[in-house]
Amino acid sequence: MAGFSVPRYGPERSGWSRLLARDSVVRRLDWPLLGSAVALSFIGSLLVWSATRGRDSLTHGDPYYFLFRHALNTGIGMALMIGTVWLGHRTLRGAVPILYGLSVLLVLVVLTPLGATVNGAHAWILLPGGFSIQPSEFTKITIILGMAMILAARVDAGDQVHPDHRTVAKALGLAALPMVIVMGMPDLGSVMVMVVIVLGVLLASGASNRWVFGLLGAGVAGAVAIWQLGLLDDYQIARFAAFANPALDPAGVGYNTNQARIAIGSGGLHGTGLFQGTQTTGQFVPEQQTDFVFTVAGEELGFLGAGLILVLLGVVLWRACRIARETTELYGTVVAAGIIAWFAFQSFENIGMTLGIMPVAGLPLPFVSYGGSSMFAVWVAIGLLQSIRVQRPITA
């Protein structure tokens, strides 16, 4: 009959047929990406459990305290991922001004009496029930989405081939506001990640290389100025001093790094076995469930177990790069590139500081370290990547 067409998902199709159809959301998900993220979170739960089950001062006598919370954070994070895929990155594109405004408001709240200081960084908001949030984790996402929206608007509309200088200046202004606030907390580690995100976004957008080189030069000049003007806190200066000279004050400022090296070095090829690490069970490594969780892997799982974490992180980055390359819109490419820069640098910094090749910056290992805000943010990022892949055109 003329003008009549059978619906793609007609009543004659079973539920399984609809799920497995070539253009269904389930079939189009990037399963290696999802599987690697799930595996990292699972490994992280074991490492966090091993690092905390004997620390009664942290667990209040419940050895499963952090294991349960880590699993809960992962579950909430995966729910946020599903919600992000359901909404779609294009829908979120229209909500970027609201999301950006909320993220800036939250980092401003940290500077009020509602903010709390943890490990020298005044970067947290305490909530009832012993929970807390770190707004800077969510700011990473809104910077990526906001810059992508501005840089890709006229290019995706067909008005420009590459973002012009005025567009780039607007995008940098959007990123600068929350970065300045976070710097004032001070949370230098998060600012470092945001700087790398900005550079990754600019490179992917096709903006003039003069902006990239200019920002690099400005970053070096700014770092020198901050050091010379004494704007860093004493604990931050001490961390850099310990990085430059590992033998400096091994019982004080260099204690964390030295103990981390001992833990990783004692693992050998196969490790001492889960829950059997002397450095971990002896509680010699501070903050081992968060910033130094990789030391548990190095000691108890050995080179092979720690290498598996690196391989899984590599798969996440590889699939993200493939998604960025295959999308047909600049907006999706820029969002994916920002996430790649974020994950790559933060993973390198976290693992590098446990090995002594990077200064201690208080950054969690994505998917592995304990922490609700970080877990929620990285799973939202996975949701954005999956949405970009799901919504790309189907090739014949």
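The values are calculated or read from the model by the stated rules, or taken from the named source; none is laboratory data. Since we're looking at a predicted model, the values are computed, not measured. Every residue, glycine as well, gets a Cβ built from its backbone with ideal geometry; the counts of neighbours run over all protein chains shown. Ligands, DNA and RNA are excluded from the accessible area calculation, which covers all protein heavy atoms including side chains. Shrake-Rupley method; radii C 1.70, N 1.55, O 1.52, S 1.80 Å.
First measure r as the distance between the Cβ atoms of I82 and A176, then evaluate 1/(1 + (r/R0)^6) with R0 = 45 Å and state the FRET efficiency to the nearest 0.05. The computed FRET efficiency comes out at 0.85. Simple spin-label estimate for M183 and V311 gives 4.2 nm between the two label positions (7 Å along the Cα-to-Cβ direction from each Cα). Spin-label pair S132-F42: with each label point 7 Å from Cα along the Cα-Cβ axis, the two points sit 3.1 nm from one another.
If the viscosity is 1.002 mPa s and the temperature 20 °C, what translational diffusion coefficient in µm²/s does Stokes-Einstein give for the stretch 134-206 when Rh comes from Kirkwood over Cα pairs? Diffusion coefficient, whole number: 171 µm²/s.
Could you check how many percent of all C-alpha pairs in the stretch 262-396 are farther apart than 24 Å? Kindly include the intermediate steps, with their values, before the conclusion.
Working: 3366 of 9045 pairs.
Here the long-distance tail beyond 24 Å is 37 percent of all Cα pairs in the stretch 262-396.
Once the chain from L105 to L29 is taken as fully extended at 0.36 nm per residue, the excess over their C-alpha distance is 24.0 nm.
Note on L203 and L304: the model spin-label points, each 7 Å out from Cα along the C-beta direction, lie 3.5 nm apart.
Please compute the contact order of the stretch 79-179 in relative form: average sequence separation of alpha-carbon pairs under 8 Å and at least six residues apart, divided by the residue count, as a percent. Normalised by residue count, the contact order of the stretch 79-179 is 22 percent. In a fully extended conformation the segment linking R166 and H122 would gain 12.4 nm over its present Cα-Cα distance, using 0.36 nm per residue. In this structure L29 has an accessible area near 30 Å², from a 1.4 Å probe over the protein heavy atoms.
Between A221 and L355, what FRET efficiency comes out of the Förster formula 1/(1 + (r/R0)^6) with R0 = 41 Å and r the beta carbon distance, rounded to 0.05? Can you show the working numbers first?
Details: r = 29 Å, r/R0 = 0.71.
That pair, L355 with A221, gives E of 0.90.
Gain on full extension, evaluated as 0.36 nm per residue between T91 and L72 minus their Cα-Cα distance, stands at 4.1 nm.
Applying 1/(1 + (r/R0)^6) with r as the Cβ-Cβ distance of R210 and T328 and R0 = 45 angstrom yields a FRET efficiency of 0.95.
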